[in-house]
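To keep things clear, I will list the structure first and then write my remarks on it.
Rule-based calculations on the coordinates, nothing more; no lab input. Note that the coordinates shown come from a computational prediction; the quantities given were computed from them, not determined experimentally. Methodologically, a virtual Cβ is constructed for each residue, glycine included, from the backbone with ideal geometry; neighbour enumeration extends over all protein chains shown.
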Amino acid sequence: MPNNPSGRQSIIAANWKMNKTLEEAGQFADNLLNRCPDPGTIEAVIAAPFTALSTLRSRLRATPFRLAAQDLFWEPAGAYTGEISAAMLVDVGCSHVIIGHSERRQGFGETDAMADKKVSAALQAGLHPIVCIGETLDERQAGQTFDVLKRQIQNSLASCSADVMPRIVLGYEPLWAIGTGVSATPQQAQEAHSYLRELLAQRWGTEAAEAVRVQYGGSVNPDSIAALMAEEDIDGALVGGASLDVDSFIQLLTYS
Ligand code: PGA
C-alpha cells in the first residue's frame, strides 16, 4: 500500500538491540496492540532479540505488525554453535531480518562479504533483508561518504539480481548518528539516499532502484521523524533508542 509520492510503502522498524526480557517484550506488544492496533499504511516492524521472537510471534501473529531478527547465519543447518539460520527465523515468525548493522560490523568483525552471504540466505528463505550501511564520522569529514556507500552497496549486495531488489530494504545509518542524539539532517540523509538510489539504478536498472525502500537510521525520535519522512528518497526509519518505549514507538508510527 503506497503512501508516499514514489509509490513505495513506508517502513518503520524498531531495532531493540540487546534489550528486553520476555516479560518486557510481552508487555510492550500488549500495550502496542491496545493503543495502536493498526499502523495504517505504514509497514511496522519490530526487530527483537532472538529470545523474544517466539513470545512476540504469539501476540503479533494475527496483527499487521511484522517481526524481524537482528542477524542470521548464512548456512542452512549444521555444526555452527550459537548461530541461527534463515529457516529458523521464518519458523519463529520473522518476515524481515537486519543484516550488517554497524554494531555487528564494528564489534563482531562483520564484513560486506559476510553481509552478502546473509542477504542471499535471507532471500532464499523468503525473508526481507534490511541491509545496513553508513559512513563513520572520520570518513564523512574526509569527504569519503559516497565512496564508502558505493563500496558497501556493491559488496554487500554482490550476489543480488535485479528481480530480488524489490524485496531489499536498505538502512542508511551514518555511524556518527547512531545512539548519539545527533541525527543527520533531513537534507544530509536525502543526499545520501538519492546517491544510493543512483547507485542502485546504475547496477540494477531504474525500475529495481525505484522499488528499493531506503530507511534512515541514527537518533530518529518522535520530533525528528516527520521532517525526515518528508524527503523524497527517505522511505522509512530504523529506530533504536526511541523504539524501546511503547509510547515513543507509537508516536513514530503515527508521525503524520
Ligand atoms: P538509534 O539506533 O536510533 O538509537 O540511534 C539506530 C540503529 O542503530 O538502528
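A few comments on the model shown:
- Fewest neighbouring Cβ atoms within 10 Å first, the residues Ile98, Ile250 line up as Ile250, Ile98.
- Positive contributions from Lys and Arg (+1) and negative ones from Asp and Glu (-1), summed over other residues with Cβ under 12 Å from the Cβ of Arg203, come out at +1.
- Using 0.36 nm per residue and subtracting the Cα-Cα separation, the extra length available between Arg61 and Val90 on full extension is 9.2 nm.
- Partners of Lys20 within straight-line reach, counting aspartates and glutamates whose Cα lies under 13 Å from its Cα and excluding those fewer than 8 residues away in the same chain: Asp245.
- Contact order for the chain, expressed relative to its length and based on alpha carbon pairs under 8 Å spaced 6+ residues apart, stands at 20 percent.
- Every pair of different Cα atoms in region 1-57 enters the Kirkwood calculation, which places the hydrodynamic radius at 12.5 Å.
- Remark: the chain projects, on average over all directions, an area of 12.5 nm² (convex hull of Cα atoms).
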